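Peer 1: Attaching a single structure in structure tokens format; questions to follow.
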Amino acid sequence: MGRTLSEDLRSRVVGAVEGGLSRRAAAERFGVGVATAIRWVRVFHATGTTRARPKGGDQRSQRIEAYRAVILGAVEAKVDITLVELAAMLRREHGARFAPSTVWRFLDRHAMT
């Protein structure tokens, strides 16, 4: 993954294309890849902004968070329930497959041991 380029550079590339320059010519003028210039202009037309999207971070926890009430309810009902039992219960009752390590990370985020 490449580094995030400046907002100023993005604005200048998009501005050049909006001013009549081709995406390829703008990319060459400002020293960025052609695909990058094409993507920046496409995103600008779709969103109206040249700001970069956030990088990194959690991309998948919303999947297990959908079962938050179920998991916390099971832990409350049986305090000494194991991670394997929680994963099996989610699969059996809700058809959701999670590794015990995923359940552990969920509980850890919610300050439960």
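Peer 1: To the nearest 10 degrees, how steep is helix 100-109 against the longest Cα principal axis of the chain, on a 0 to 90 scale?
Peer 2: 80
Peer 1: Note down, for the stretch 7-47, the three equivalent ellipsoid semi-axes (square root of 5 times each alpha carbon gyration tensor eigenvalue), biggest first, whole angstrom.
Peer 2: Semi-axes (√(5λ), whole Å): 13, 10, 10.
Peer 1: Helix-derived [θ] at 222 nm for the chain: sum -39500 (n - 2.57) over DSSP H runs of at least 4, divide by residue count, nearest 500?
Peer 2: Roughly -18500 deg cm²/dmol at 222 nm, from the helical runs in the chain.
Peer 1: Separate question: Which stretch or stretches of the stretch 21-41 have amide N atoms under 20 Å from the point lying 7 Å from residue 59's Cα along the Cα→Cβ direction?
Peer 2: Once the point is set 7 Å along Cα→Cβ of residue 59, 36, 39-40 turn out to lie under 20 Å by backbone N, inside the stretch 21-41.
Peer 1: Express the relative contact order of the chain as a whole percentage, based on alpha carbon pairs under 8 Å and six or more residues apart in sequence.
Peer 2: The normalised contact order for the chain reaches 17 percent.
Peer 1: When 38, 71 are ordered from fewest to most other Cβ atoms inside 10 Å of their Cβ, what list results?
Peer 2: Least crowded to most crowded, the residues run 38, 71.
Peer 1: How would the chain be classified by its alpha-carbon gyration tensor: rounded, prolate or oblate, with rounded meaning a/c under 1.5 and the a/b versus b/c comparison settling the rest?
Peer 2: In terms of gyration-tensor shape, prolate.
Peer 1: Okay, moving on. Classify the stretch 61-109 as rounded, prolate or oblate from the Cα gyration tensor: take a ≥ b ≥ c as the square roots of its eigenvalues, call it rounded if a/c is under 1.5, otherwise prolate when a/b beats b/c and oblate if not.
Peer 2: Rounded, since a/c falls under 1.5.
We did not get these values from a lab; they are worked out from the coordinates using the rules stated. Only a predicted model underlies this, so the values are computations on that prediction, with no experimental measurement involved. As a convention, Cβ positions derive from the backbone with ideal geometry for all residues, glycine included, and neighbour counts pool all protein chains shown.
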